[in-house]
Amino acid sequence: MQSRTARPTAPDSPGAHPHQDAAGLGVELATVVAGARRRAVRDGDRQVDTAHLLHSLLEQDPEVRSVVGGPPQLARLLGYLVQRSIGYGLRWQGSVEDSGAIAVVPRPATGDAGDWSPAAADALHQARERARRRGGSAADAPDLFAALVADPDSRAVEVLGRAGIDARELSDRIAALIADRSAERGAVRSEAGPAGFGAATPGGDGEFARDAVC
């Protein structure tokens, strides 16, 4: 089987430099991405893959954890993720995660976890696209989670399956979570008014508070 390596950095996808990773991402998701990169470096992995992203999502976002299932399922899933350096994870070492969703071309390896696997780069791209399609200004954690489970050949979905969690069944729960978050943001924006300012505080000095919603 022909060896495949990561594609060159695309304008709308994360590249080899940490400061580029957060482009088009909300604050919470930028934290998730940074956590995935740190985990890859700590584990000595050549690339940041979808399993790193899944692990960081679970660590950083309580709503994502709640969507996965109850404590037993969550504990089992995290157990598989922390043991990726042994057992089944050994076959990932030295290979590139490429589900075939995007084209890749040969490229020299950096050897410093500076690259994203093709599948991980595509998941981040799809998260941004999801946010754009619903009119959001930046992608957030549920957007990335939805993108991860949408790729049946990703390492994230493989780990979910090993933990007894059907990625297809997660899709509806993730969609509901995204809808709830969008509704909350819409309600806040409506209260803020068309100019992006809130109403004067009753009994206050009449000053307006700027809407802080990203």
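Answer yes if at least one residue in segment 29-45 is in a loop (DSSP other than H, G, I, E, B), at pLDDT 90 or above, closer than 19 Å to Leu148 by Cβ and not aromatic (Phe, Trp, Tyr), and no otherwise. Within segment 29-45 (the criterion being in a loop (DSSP other than H, G, I, E, B), at pLDDT 90 or above, closer than 19 Å to Leu148 by Cβ and not aromatic (Phe, Trp, Tyr)), the answer is no, since none of the residues qualifies. Scanning segment 133-146 for residues that are surrounded by fewer than 24 Cβ atoms within 10 Å (Cβ to Cβ) and over 11 Å from Leu25 (Cα atoms) yields Arg133, Arg134, Gly135, Ala146.
Restricting to segment 63-77, name every residue that is more than 17 Å from Ala30 (Cβ to Cβ), assigned to a helix (DSSP H, G or I) and not basic (Lys, Arg).
Listed by number, the residues that qualify are Ser66, Val67, Val68, Pro71, Pro72, Gln73, Leu74, Ala75, Leu77.
Do we find a residue being closer than 17 Å to Val33 by Cα, touching an Asp or Glu at 6+ places or on another chain (Cβ under 7 Å) and modelled with pLDDT of 90 or more anywhere in segment 72-82? Within segment 72-82, none of the residues are closer than 17 Å to Val33 by Cα, touching an Asp or Glu at 6+ places or on another chain (Cβ under 7 Å) and modelled with pLDDT of 90 or more.
The values are calculated or read from the model by the stated rules, or taken from the named source; none is laboratory data. These numbers come from a predicted model, not from an experiment. In this analysis, Cβ positions are derived from the backbone assuming ideal geometry, glycine residues included, and neighbour counts consider all displayed protein chains.
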